[in-house]
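Enquirer: One structure, as structure tokens, below. Some questions next.
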Amino acid sequence: METEVTLRVDGVDHRLAVDTRTTLLDALRERLGNTSPKKGCDHGQCGACTVLLDGQRANSCLALAVAHDGCEIVTAAGLAADGLHPVQRAFIDHDAFQCGYCTPGQIVSAVAMLAEAAAGRPSAATFDTPGDGPPDGPVDLAADPDEIRERMSGNLCRCAAYANMVPAIQEVADS
Amino acid sequence: MRPFRYARATDPAGAVALLAGSPQAAYLGGGTNLVDLMKLDVARPDLLVDIRGVTSRSIEELPDGGVRVGAGVSNSDLAADPLIRHRYPVIAQAVVSGASTQLRNLATVGGNLLQRTRCLYFQDVTTPCNKREPGTGCSAIDGHNRDLAVLGASPDCIATQPSDLAVALAAMDATVQTLGPDGGRNIPLTELHRLPGAEPQADNVLAHGELITAVDLPPLPFATRSWYRKIRDRASYAFALVSVAAAIDIADGRVRDVRIALGGVAHKPWRATRAEDLLRGGPVTEERLHRAAAAELADARPQSDNAFKIPLARNAVVRTLLDLAADTR
């Protein structure tokens with residue numbers, strides 16, 4: 001069953017008719033030719049399909065396009081519209097990937113994570129001692145690699161390039 | 001995925017009416033569990049009624065000092081909310097211990113409570129499963145059951161309820177507000193989910209089309225000191241083998257009040273009332289905690305691969321309460 005939706009992708013509006021079963025990931029890759037988000041597991045377990053959906057990171061493989069009519073999507077490709085994003089630069093400088101398949105999802109996730117930590121949104125690592133909740137205010141990612149590992153845990157890397165991703169993200173968080 | 005129709009509800013009553021007329025229809029919230037189950041052919045709705053525009057996305061203080069959480073609030077927003085973080089840290093902590101930020105941004109509070117079991121056989125349509133297809137049998141009882149229930153299971157189903165949030169809400173005595181074809185009602189969170197018995201296809205007591213509109217948290221001043229301990233196979237991004245949500249109120253060296261709920265052990269969040277009753281009125285000692293935890297798990301029955309969960313749950317209760325009490329004994 002087809003429905004018309006409008007998706008704003010990396011700053012450009014697209015009007016398209018989609019089957020109700022079409023996920024945002026398939027709309028991006030198969031209909032709009034934007035292969036930056038990757039199809040890894042297609043079940044919300046690997047994070048390779050991560051995009052910014054109305055400013056927040058989300059698994060595009062579990063979001064139905066029909067339910068997100070009018071939304072704004074930013075992919076890793078869109079982050080580089082005006083030259084490389086600092087997180088992309090840091091991933092290159094730190095050799096924070098091997099095969100690269102998970103990298104666009106990792107980068108979108110890291111960009112969102114930096115904003116979440118700056119806004120004081122907690123992670124499981126923020127709750128580090130039993131008792132009262134953690135203090136309010138920004139979370140210092142540069143000083144706490146456990147926060148980075150926890151907050152990036154929804155993005156898997158089969159090459160296990162994690163060891164270089166953490167310092168790449170720390171560097172951006174520190175700058 | 002099978003074809004389905006899509007409709008966007010404009011108000012709660014309209015959503016309920018749409019579902020009431022369609023026995024195979026389902027509500028769509030964040031979709032993080034439902035869409036996955038549709039891909040797996042486990043869920044086969046012929047109509048999705050999108051309720052994200054009709055359930056409240058606000059968190060507000062109630063006159064009695066409690067808090068009302070709209071069912072449409074995202075899991076991420078719930079965990080970040082100052083009222084929740086300060087008054088019920090166990091809830092915020094339980095939420096961020098589950099899934100990933102990408103999933104929590106999409107997932108709603110109402111949907112979190114209604115997510116289906118992650119039993120491998122329930123999710124695999126090539127195997128018998130009484131929950132998925134009543135009467136076909138339970139593959140888990142003689143299969144891989146390491147993750148499954150040790151309390152309250154039945155010969156027909158040993159699935160566990162996967163939500164971390166539900167465990168924390170059970171400990172906090174939360175109430176779920178619903179709207180159904182026959183009007184609204186309030187359901188204590190501890191009575192929302194059910195034990196499998198002979199009807200494991202029903203995860204909870206909601207009627208078809210009954211919509212969760214909000215979750216109410218009663219005031220519980222001592223919950224400002226609370227903790228969620230989740231034990232799993234990896235450090236992050238995995239379902240609980242065992243989890244404990246706890247809060248404790250200690251005065252003059254004695255337990256004035258305590259709340260304990262267990263996750264990962266049953267078909268519902270397991271409120272540990274037996275242990276709570278044994279702990280009230282006495283000092284917080286390791287010995288008393290062990291006795292209370294042992295009483296709570298006394299009726300536990302292991303499957304072939306999950307006997308480890310029984311001592312794990314006992315020890316998790318003891319450790320969590322010892323840690324919580326450490327500064328106040």
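Enquirer: Return the whole-Å distance between the Cα centroid of the stretch B:53-78 and the Cα centroid of the stretch A:117-171.
Expert: Between the Cα centre of the stretch B:53-78 and that of the stretch A:117-171, the gap is 26 Å.
Enquirer: First select every other residue whose beta carbon is under 15 angstrom from the beta carbon of A:R121; then total the charges, Lys and Arg +1, Asp and Glu -1. Intermediate results must be reported in sequence, preceding the final value.
Expert: Working: positive: A:R57, A:R151, B:R85, B:R104; negative: A:E116, A:D136, A:D140, A:D144, A:E147, A:E150, B:D77, B:D81.
Once all neighbours under 15 Å are counted, the net charge is -4.
Enquirer: If you don't mind, another one. Which ³J(HN,Hα) values in Hz, rounded to whole numbers, follow from the phi angles of the stretch A:61-69 under the Karplus curve 6.51 cos²θ - 1.76 cosθ + 1.60, where θ = phi - 60° and Gly and Pro get x?
Expert: Computed from phi, the couplings for the stretch A:61-69 are 6, 10, 9, 7, 4, 4, 7, 10, 4 Hz.
Enquirer: Within straight cross-link reach of B:K131, meaning Cα distance under 13 Å, which aspartates and glutamates are found once same-chain residues fewer than 8 apart are removed?
Expert: Straight-distance partners of B:K131: B:D156, B:E199, B:D203.
Enquirer: Give me the net charge of B:D81's neighbourhood, meaning all other residues with Cβ under 12 Å from the Cβ of B:D81; Lys, Arg count +1, Asp, Glu -1. The partial results should precede the final answer.
Expert: Numbers: positive: A:R121, B:R57, B:R68, B:R85, B:R87; negative: A:D136, B:E60, B:E61, B:D77.
Net charge around B:D81: +1.
Enquirer: Please report, in debye to the nearest 20, how large the charge dipole of the protein assembly as shown is about its Cα centre when each Lys and Arg carries +1 at its beta carbon and each Asp and Glu carries -1 there.
Expert: Working: 50 positive and 61 negative charges, 194 e Å.
Its charge dipole is roughly 940 debye.
Enquirer: Give me, ordered by chain and number, the residues 5 or more places off A:H14 or on other chains with an amide H under 5 Å from its own placed amide H.
Expert: Sorted by chain and number, the residues that satisfy this are A:L7, A:R8, A:V9.
Enquirer: Using +1 on the beta carbon of Lys and Arg, -1 on that of Asp and Glu, and nothing else charged, what's the dipole of the stretch A:122-175 about the Cα centre, debye to 20?
Expert: Details: 3 positive and 10 negative charges, 83 e Å.
Dipole about the Cα centre, nearest 20: 400 debye.
Enquirer: Let me ask something else. Charges only on Cβ, +1 for Lys and Arg, -1 for Asp and Glu: so what's the dipole of chain B about the Cα centre, in debye to the nearest 20? All intermediate terms of the calculation are to be shown ahead of the outcome.
Expert: On the way: 37 positive and 36 negative charges, 110 e Å.
The dipole of chain B has a size of about 520 debye.
Enquirer: While we're looking at this one, here's another question. I need the phi-derived Karplus couplings for the stretch A:72-86: 6.51 cos²θ - 1.76 cosθ + 1.60, θ = phi - 60°, integer Hz, Gly and Pro marked x.
Expert: 10, 10, 10, 9, 4, 5, x, 5, 9, 4, 10, x, 4, 5, x
Enquirer: What are the principal axis extents of the Cα atoms in chain A, in Å, biggest first?
Expert: 51, 37, 29
Enquirer: Along the stretch B:167-173, what does the Karplus equation 6.51 cos²θ - 1.76 cosθ + 1.60 (θ = phi - 60°) give for ³J(HN,Hα), rounded to whole Hz, x for Gly and Pro?
Expert: 5, 5, 5, 5, 5, 8, 6
Enquirer: In the stretch B:151-240, if the dipole is taken from +1 on Lys/Arg beta carbons and -1 on Asp/Glu beta carbons about the Cα centre, which of B:P181, B:L169, B:L206 is farthest to the positive end?
Expert: Among B:P181, B:L169, B:L206, the one farthest towards the positive end of the dipole of the stretch B:151-240 is B:L169.
Enquirer: Considering only DSSP beta bridges where both residues belong to the protein assembly as shown, give the percentage that are antiparallel (nearest 5). If you can, show how the numbers build up before the last one.
Expert: Values: 56 of 66 bridges.
Beta bridges within the protein assembly as shown, antiparallel portion: roughly 85 percent.
Enquirer: While we're looking at this one, here's another question. Under the rule of at least 5 residues apart or a separate chain, name every residue whose amide H is placed under 5 Å from the amide H of B:T213.
Expert: B:Q177, B:T178, B:L179
Enquirer: Within a Cβ distance under 14 Å of A:N34, other residues only, what is the Lys/Arg minus Asp/Glu net charge? Each step should come with its number before you reach the end.
Expert: Values: positive: A:R8, A:R29, A:R31, A:K38, A:K39; negative: A:D10, A:D13, A:D26, A:E30, A:E72.
That works out to 0.
Enquirer: Helix-derived [θ] at 222 nm for chain B: sum -39500 (n - 2.57) over DSSP H runs of at least 4, divide by residue count, nearest 500?
Expert: On the way: 12 runs with 93 residues, N = 329.
For chain B, the value works out to -7500 deg cm²/dmol.
Enquirer: Taking 8 Å as the Cα distance limit and 6 or more residues as the minimum spacing, I'd like the relative contact order of chain B as a percentage.
Expert: 17
Enquirer: Also, quick follow-up: Between B:D50 and residues 5 or more places away or on another chain, which pairs have amide H atoms under 5 Å apart, with H built 1.01 Å from N, and which residues are they?
Expert: Correct list: B:A7, B:R8, B:A9, B:L28.
No value in this document is a laboratory result; all are computed from the given coordinates. Everything numeric here is computed off the predicted structure, so don't read it as measured data. When we count neighbours, we look across all protein chains shown, and the Cβ atoms used for this are built from the backbone with ideal geometry, even at glycine.
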